[in-house]
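One structure is given below, encoded as structure tokens.
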Amino acid sequence: MTTFLAYTSPAAGHVFPLVPGLLELQRRGHRVHLRTAPDLVDTLRAVGLDAAPVSPDVVRIEPTDYRAETDAARLHSGQVDLIERGRFDGPDLAAAIAETEPDVLLVDSIAYGALSTAQASGLPTALLLPSVLPWPGRGIPPYGLGLKPGRGPLTRVRDGLLWKVVERMFGKAMLPGLNELRAGLGLAPFRSPLDQWSAVDAVIVMTSEPLEYPRTDLPAHFTFVGAQPWDPPSDRPAWLDEPGDPWVLVTCSTDYQGDEDLARVAVEALRDEPVRVLLTLADAYDGAGLTSGGNVRVERFVPHGHVLPECAAVVCHGGFGIVSKAMASGVPSVVVPFGRDQPEIARRVTEAGAGVSLKPKQLSADALRAAVVEARALAPGAQRAAAVLRENGGAGRFAAAALSVAGSQVAGCKP
């Protein structure tokens, strides 16, 4: 039996994709401890996980990238916030290690202090990524710009140059603070932001084709385990079974980023269309100023697993959680990426033929209405993408990858 300690950022989008795999590890007879957002602990305990909250100091550092005016400023602000959070999530992981005495650490990709502490601990460690992979490779366009892949020699030159630009941008934002954290633990400084991906025993990427581009030159310690959609158990809302027009789900980020305008414009765009509109606003609920009425229903949160089978389309910000759930359900998406990894995810959706994208500056009622019509016409492509995504996923893949971190002897010890 192996003891795992999983440490996540305090956001639903970073812990929910772990749940199927962690439960599978338990089913195979292993012990699993989980540290995550305090408001999610009871939900996770209810499904059988030994969950505990991260330190209040970790939660206190909230993302402020949405306040920035430019893409570069948003990138810098977001990384600075995560490094500041790392000053607390590192010691928090150290305390959890002392308490649980794990054999293997599973650590969120943006918990920078925790990743540094994991390396200093000497314990076998996997970096967990619930999104698309920001790693260069043959035929892979530079991360974060949402560029279309190409195959010609000019594209290869473009990609090589732009990867260097992206690496410098992330390095400028990350490395000073990150290396300060590492120095405090007696670790050598990183020279590139990509070094964190090589400083762990394994990288477990919770996506796959078609949201991930085909790769031929990955390091051996990278493993794609497929998207792992999961929703907390809940009763199915009775209103979903009322007769009427098909639903369009409009959803804002669960990790607040000031995207209320997406919901406001969606109401204007779709209020007279032959659809019913469900807005799930999460932390944007109080600030959006929207109420139910006509063909619009406003909720703070509804598990999307109930809703997606009834949907004709999804309109979203491009967070990996909702995009992967929509694609796994074969529902076409309109993606309006507000920042973070979302421009890259929006491009993956369009390349898969599973939806369309709009830049936030293009967002208007007329543009969004037309985009929903265009996306709905892509329903066959969304169904094909769903089949590929489901084929490449599953909790068993995650469990196998996690067990491999402890070594082949442990990985073979299944009850």
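A few notes on this one:
- From the options GLY321, GLY293, GLY353, residue that is crowded, with 18+ Cβ neighbours inside 10 Å and either more than 19 Å from GLY13 (Cα to Cα) or modelled with pLDDT under 95 (or both): GLY321
- Residue tally, condition more than 28 Å from LEU133 (Cα to Cα) and either of a type in the set (D, E, K, R) or assigned to a loop (DSSP other than H, G, I, E, B) (or both), over the range 303-320: 1
- Yes/no for ARG156 being surrounded by fewer than 18 Cβ atoms within 10 Å (Cβ to Cβ) and either under 19 Å from the mean Cα position of the chain (by Cα) or assigned by TED's automatic domain parsing to the domain that holds TYR213 (or both): yes
- Residues that are at pLDDT below 95, surrounded by fewer than 16 Cβ atoms within 10 Å (Cβ to Cβ), out of contact with any helix residue (DSSP H, G or I) (no Cβ under 7 Å at 6 or more places or on another chain) and not hydroxyl-bearing (Ser, Thr, Tyr) do occur in the range 1-9.
- Out of ALA114, ALA120, ALA94, sole residue that is touching a residue at least 12 places away in the same chain (Cβ under 8 Å), assigned by TED's automatic domain parsing to the domain that holds LEU34 and either surrounded by 19 or more Cβ atoms within 10 Å (Cβ to Cβ) or within 19 Å of the chain's Cα centre (by Cα) (or both): ALA114
- Among (1) on the phi < 0 side of the Ramachandran plot; (2) modelled with pLDDT under 90 - the single one GLU209 does not satisfy: (2)
- Check on GLU299, at pLDDT below 95 and farther than 23 Å from LEU378 by Cα: yes
The values are calculated or read from the model by the stated rules, or taken from the named source; none is laboratory data. Being a predicted model, the structure only gives us computed values, none of them experimental. So basically every Cβ, Gly included, is an ideal-geometry build from the backbone, and we count neighbours across all protein chains shown.
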